[in-house]
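Written out below as structure tokens is the structure these notes cover.
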Amino acid sequence: MGTPSIVIIYADDLGYGDVGCFGSIDVRTPHLDRLAARGIRFTDWYSNSPVCSPSRAALLTGRHPVHAGVQEILGGGRGASGLPPQPTLASRLAEAGYATGIFGKWHLGAGEGYRPLDRGFARHYGFLAGCVDYYSHIFYWGRGNPLHDLWDDEREVWHNGRYLTEVIAEKAVAFIDAHAEEPFFCFVPFNAPHYPMHAPAAYVDRFPDLAPDRRIMAAMISAMDDGIGRILDALEDHGLADDTLVFFSSDNGPSTESRNWLNGEEVSYQGGSTGGLRGHKGSLFEGGIRVPTIVSWPAQLPQGAVDHAPAQMMDLVPTVLDAFALDGADDADGASRIHRWRRAGEASAQQPETADAAEQSTLFWEYGPQLAARRGRWKLTVSPREHLGGPYALGSIHLADLETDPGEQHDSSAAQPEIAAELYDAVQAWADETGWNAADWS
């Protein structure tokens with residue numbers, strides 16, 4: 001067995017209820033289901049933020065967004081700054097001799113000095129902003145004129161008319177083909193199913209009985225799932241499937257908005273599914289941050305297992321470095337999960353409250369005026385809102401027992417005042433340590 005490789009596949013605005021092995025009955029994802037059958041499915045895995053850029057910063061650095069220096073959605077203009085200079089998973093693996101490539105959405109800085117090749121990737125194909133038209137590859141959200149945004153390394157390229165989800169998968173497969181004889185890190189951040197809601201007719205036709213919004217969402221996810229299937233097939237063709245760590249997740253929960261037109265008009269959209277969780281993208285309720293997550297590494301990890309322990313995206317960097325026996329995670333906020341992953345089969349039946357003491361640590365989030373903390377079965381959300389662009393309930397708190405109320409429909413703070421007070425004090429202390437300031441949002 002040689003040096004293992006790693007593939008990270010990141011969906012964009014994919015809901016917890018939009019994957020077959022996570023309970024979807026109308027959106028079919030046979031390739032993601034196949035990945036879960038050969039690995040571990042995580043029921044309580046979280047993004048570090050309910051929006052794109054901060055969650056990607058945490059994924060690549062192993063740090064809370066506030067420590068990584070990206071707390072908000074970043075701009076997409078060609079002079080836009082982004083992720084400050086710091087080690088990333090790509091740079092650390094490059095130093096260890098890995099070929100590194102990214103194919104898809106970056107959204108961590110479009111200006112010079114902030115692009116993928118500046119943060120450890122030797123190969124880049126994709127776009128730099130937060131969203132583009134799937135066929136013209138034009139970035140149109142925000143002020144200013146529409147801007148073409150498709151790059152091959154540092155060279156702007158045009159593939160007008162090509163459906164971007166298919167192109168991303170094609171480029172990722174080509175990278176795997178080119179580097180099959182050496183260890184590699186292939187990062188595939190699809191932009192699906194982020195708006196604009198575009199899909200080829202062949203995929204739309206797979207779901208003739210769904211309502212219009214749901215039908216296009218299903219088509220976009222199905223196209224992404226087929227692309228994931230091509231990536232998994234490439235690993236199998238090269239004999240790499242068993243000793244490649246494949247990690248799949250989403251940057252945040254589903255969006256309730258859609259901008260399908262070049263004028264940037266925002267339209268209410270209900271095509272994504274949170275699987276019954278409360279809240280959407282932009283919310284620190286579960287629907288905004290709990291994301292469908294799978295890892296597969298058959299040579300090292302159990303197959304067909306389920307892990308219920310709460311974890312966050314920032315745990316991935318220290319886990320990978322630990323698993324690959326590499327140094328460099330000392331500055332990470334996340335914790336290595338590799339030892340738990342390796343015994344996930346025996347831990348499948350464990351609920352969060354019976355997990356190891358080390359895994360009972362409190363998880364924290366901040367986004368805008370919202371704060372949240374989870375410890376075991378209890379989750380406290382402060383100044384919550386339901387979705388991006390929605391109003392905040394400033395100053396209010398909501399305590400949920402996620403074991404009995406995963407949809408966070410009932411506020412248990414009055415019934416459990418001690419738990420509410422403990423979590424409130426803990427999240428306020430954490431926020432103070434990070435420099436978060438309530439006055440900025442009052």
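The values are calculated or read from the model by the stated rules, or taken from the named source; none is laboratory data. The shown structure was predicted, so the numbers you read here are calculated from the model rather than taken from an experiment. Positions of Cβ are backbone-derived with ideal geometry, glycine not excepted, and every protein chain shown enters the neighbour counts. When the accessible area is computed, the model is the full protein with side chains, heavy atoms only, and any ligands, DNA or RNA have been set aside. Shrake-Rupley method; radii C 1.70, N 1.55, O 1.52, S 1.80 Å.
Can you give me the number of residues within the range 128-157 that are aromatic (Phe, Trp, Tyr), within 13 Å of Gly77 (Cβ to Cβ) and part of a strand (DSSP E or B)?
Summing the residues that are aromatic (Phe, Trp, Tyr), within 13 Å of Gly77 (Cβ to Cβ) and part of a strand (DSSP E or B) in the range 128-157 gives 1.
I'd like the residue in the range 1-44 that is touching a helix residue (DSSP H, G or I) at 6+ places or on another chain (Cβ under 8 Å) and among the aromatic types (Phe, Trp, Tyr) and, out of all such residues, is most open to solvent (accessible area, probe 1.4 Å).
This residue is Tyr16.
What about Ala174, is it among the aliphatic types (A, V, I, L, M), within 30 Å of Gly2 (Cα to Cα) and more than 18 Å from the chain's Cα centre (by Cα)?
It is true that Ala174 is among the aliphatic types (A, V, I, L, M), within 30 Å of Gly2 (Cα to Cα) and more than 18 Å from the chain's Cα centre (by Cα).
What are the residues in the range 169-185 that are surrounded by 19 or more Cβ atoms within 10 Å (Cβ to Cβ), not in a loop (DSSP other than H, G, I, E, B) and not aliphatic (A, V, I, L, M), if any?
Lys171, Phe175, Phe184, Phe185
Conditions (1) open to solvent by less than 40 Å² (accessible area, probe 1.4 Å); (2) modelled with pLDDT under 95; (3) part of a loop (DSSP other than H, G, I, E, B), marked per residue:
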position: Ile231; (1), (2), (3): yes, no, no
position: Ala241; (1), (2), (3): yes, no, yes
position: Gly253; (1), (2), (3): yes, no, yes
position: Asn260; (1), (2), (3): no, yes, yes
position: Thr274; (1), (2), (3): yes, no, yes
position: Leu284; (1), (2), (3): yes, no, yes
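Residues in the range 379-391: is at least one modelled with pLDDT of 95 or more and surrounded by fewer than 18 Cβ atoms within 10 Å (Cβ to Cβ)?
Checked against the condition, which is being modelled with pLDDT of 95 or more and surrounded by fewer than 18 Cβ atoms within 10 Å (Cβ to Cβ), the range 379-391 yields no hits at all.
Is it the case that some residue within the range 98-105 is among the polar types (S, T, N, Q), buried (at least 23 other Cβ atoms within 10 Å of the Cβ) and within 21 Å of Leu326 (Cβ to Cβ)?
yes
Consider Trp151 against the criteria (1) surrounded by fewer than 16 Cβ atoms within 10 Å (Cβ to Cβ); (2) touching a Leu at 6+ places or on another chain (Cβ under 8 Å): it satisfies all of them except one. Which criterion is unmet?
If we test Trp151 against (1) surrounded by fewer than 16 Cβ atoms within 10 Å (Cβ to Cβ); (2) touching a Leu at 6+ places or on another chain (Cβ under 8 Å), just (1) comes out false.
Any idea which residue in the range 316-349 is modelled with the lowest pLDDT, counting only those that are of a type in the set (Gly, Ala, Ser) and in a helix (DSSP H, G or I)?
Ala347
Just give me the residues in the range 123-154 being hydrophobic (A, V, I, L, M, F, W, C) and either more than 16 Å from Ile168 (Cα to Cα) or in contact (Cβ under 8 Å) with a residue 60 or more places away in the chain (or both), in sequence order.
Scanning the range 123-154 gives Phe127, Cys131, Ile138, Phe139, Trp141, Leu147.
Output yes when any residue across the range 304-313 is modelled with pLDDT under 95, among the polar types (S, T, N, Q) and either surrounded by fewer than 18 Cβ atoms within 10 Å (Cβ to Cβ) or on the phi < 0 side of the Ramachandran plot (or both), and no when none is. If you could, list the steps in order and put the result at the bottom.
Filtering the range 304-313 for residues modelled with pLDDT under 95 gives none.
No: the range 304-313 contains no residue that is modelled with pLDDT under 95, among the polar types (S, T, N, Q) and either surrounded by fewer than 18 Cβ atoms within 10 Å (Cβ to Cβ) or on the phi < 0 side of the Ramachandran plot (or both).
If you check Val188 against the conditions, is it touching a residue at least 12 places away in the same chain (Cβ under 8 Å) and either open to solvent by 50 Å² or more (accessible area, probe 1.4 Å) or more than 30 Å from Leu316 (Cα to Cα) (or both)?
So Val188 fails the test.
Go through (1) open to solvent by less than 60 Å² (accessible area, probe 1.4 Å); (2) touching a Gly at 6+ places or on another chain (Cβ under 6 Å) and name the single condition Arg123 misses.
Arg123 satisfies every listed condition except (1).
Which members of the range 47-74 meet the condition of being in a loop (DSSP other than H, G, I, E, B) and in contact with a Ser or Thr (Cβ under 8 Å, 6 or more places away or on another chain)?
Ser47, Asn48, Ser49, Pro50, His64, Val70, Gln71, Glu72, Ile73, Leu74
Take the range 79-127 and flag every residue that is assigned to a loop (DSSP other than H, G, I, E, B), closer than 30 Å to Glu181 by Cβ and not hydrophobic (A, V, I, L, M, F, W, C).
Of everything in the range 79-127, those that are assigned to a loop (DSSP other than H, G, I, E, B), closer than 30 Å to Glu181 by Cβ and not hydrophobic (A, V, I, L, M, F, W, C) turn out to be Pro87, Thr88, Gly97, Tyr98, Arg115, Arg119, Gly120.
I'd like to verify a number: residues in the range 95-122 that are out of contact with any helix residue (DSSP H, G or I) (no Cβ under 7 Å at 6 or more places or on another chain), in contact (Cβ under 8 Å) with a residue 60 or more places away in the chain and small (Gly, Ala, Ser), how many?
Qualifying residue count for the region: 3.
For the range 393-436, how many residues meet the condition of being exposed (fewer than 11 other Cβ atoms within 10 Å of the Cβ), assigned to a loop (DSSP other than H, G, I, E, B) and either hydroxyl-bearing (Ser, Thr, Tyr) or without any contact (Cβ under 8 Å) to a residue 60 or more places away in the chain (or both)?
3
Can you name every residue in the range 106-120 that is open to solvent by 10 Å² or more (accessible area, probe 1.4 Å) and either touching a Cys at 6+ places or on another chain (Cβ under 9 Å) or under 17 Å from Pro54 (Cβ atoms) (or both)? Explain how you work it out, then say what you get.
Narrowing the range 106-120 to residues open to solvent by 10 Å² or more (accessible area, probe 1.4 Å): 112-115, 117-120.
Correct list: Tyr114, Arg119.
Can you confirm whether the range 292-310 contains a residue that is over 19 Å from Leu35 (Cα atoms) and free of Cβ contacts under 8 Å to residues at least 12 places away in the same chain?
No, there is no match, as no residue in the range 292-310 is over 19 Å from Leu35 (Cα atoms) and free of Cβ contacts under 8 Å to residues at least 12 places away in the same chain.
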